[in-house]
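Quick notes on the structure that follows.
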Amino acid sequence: MGHEAIYKCKRCGKQFKSSEGGGMLFEEYRCVKCDTIKTVKTNNRSVPVEEYIPPSKDKIGVCRKCGGELRSDIGPMCPKCKLRDVEEIKIICLYD
């Protein structure tokens, strides 16, 4: 489902470690402004797609650092130039 990996910014070349996705019992939400990641416990994601109920907006909340919107559909942001134009170089570990 999700994974931790080394990423490289296509603009500035900075390499950094981050994660995407989530696991069977949690989802990762990423701040659109500062890229802080929040994990939210969920019901078992191994159920059929039509039976899965995602967390409510109240449960997701907002970023604890900057108050930005948290989303699960955006990838990592380069910590140097703040762009999301990055490529995955190497997967470090997979989440189940």
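The values are calculated or read from the model by the stated rules, or taken from the named source; none is laboratory data. Given the structure is predicted, the values throughout are model-derived calculations rather than measurements. All Cβ positions, even for glycine, are placed from backbone atoms using ideal geometry, and neighbour counts span all protein chains on display.
The residues in the range 42-62 that are more than 15 Å from the chain's Cα centre (by Cα), hydrophobic (A, V, I, L, M, F, W, C) and closer than 26 Å to residue 32 by Cα can be counted, and the count is 2.
Scan the range 50-96 residue by residue and report those that are in a loop (DSSP other than H, G, I, E, B), of a type in the set (A, V, I, L, M) and touching a residue at least 24 places away in the same chain (Cβ under 8 Å).
Pass one, the range 50-96, residues in a loop (DSSP other than H, G, I, E, B): 52-56, 61, 63-68, 72-85, 95-96.
Within this subset, residues satisfying the condition of being of a type in the set (A, V, I, L, M) are 53, 74, 77, 83.
Within the range 50-96, 74, 77, 83 qualify.
Taken over the range 29-64, the residue count meeting the criterion of being in contact with an Asp or Glu (Cβ under 7 Å, 6 or more places away or on another chain) and within 16 Å of residue 5 (Cα to Cα) is 1.
Is at least one residue of the range 20-41 closer than 21 Å to residue 9 by Cβ, at pLDDT below 90 and not charged (D, E, K, R)? Yes, some residue in the range 20-41 is closer than 21 Å to residue 9 by Cβ, at pLDDT below 90 and not charged (D, E, K, R). Quick check on my filter: what residues within the range 37-61 are surrounded by fewer than 16 Cβ atoms within 10 Å (Cβ to Cβ), hydroxyl-bearing (Ser, Thr, Tyr) and under 18 Å from residue 71 (Cβ atoms)? 39, 52, 56, listed by residue number.
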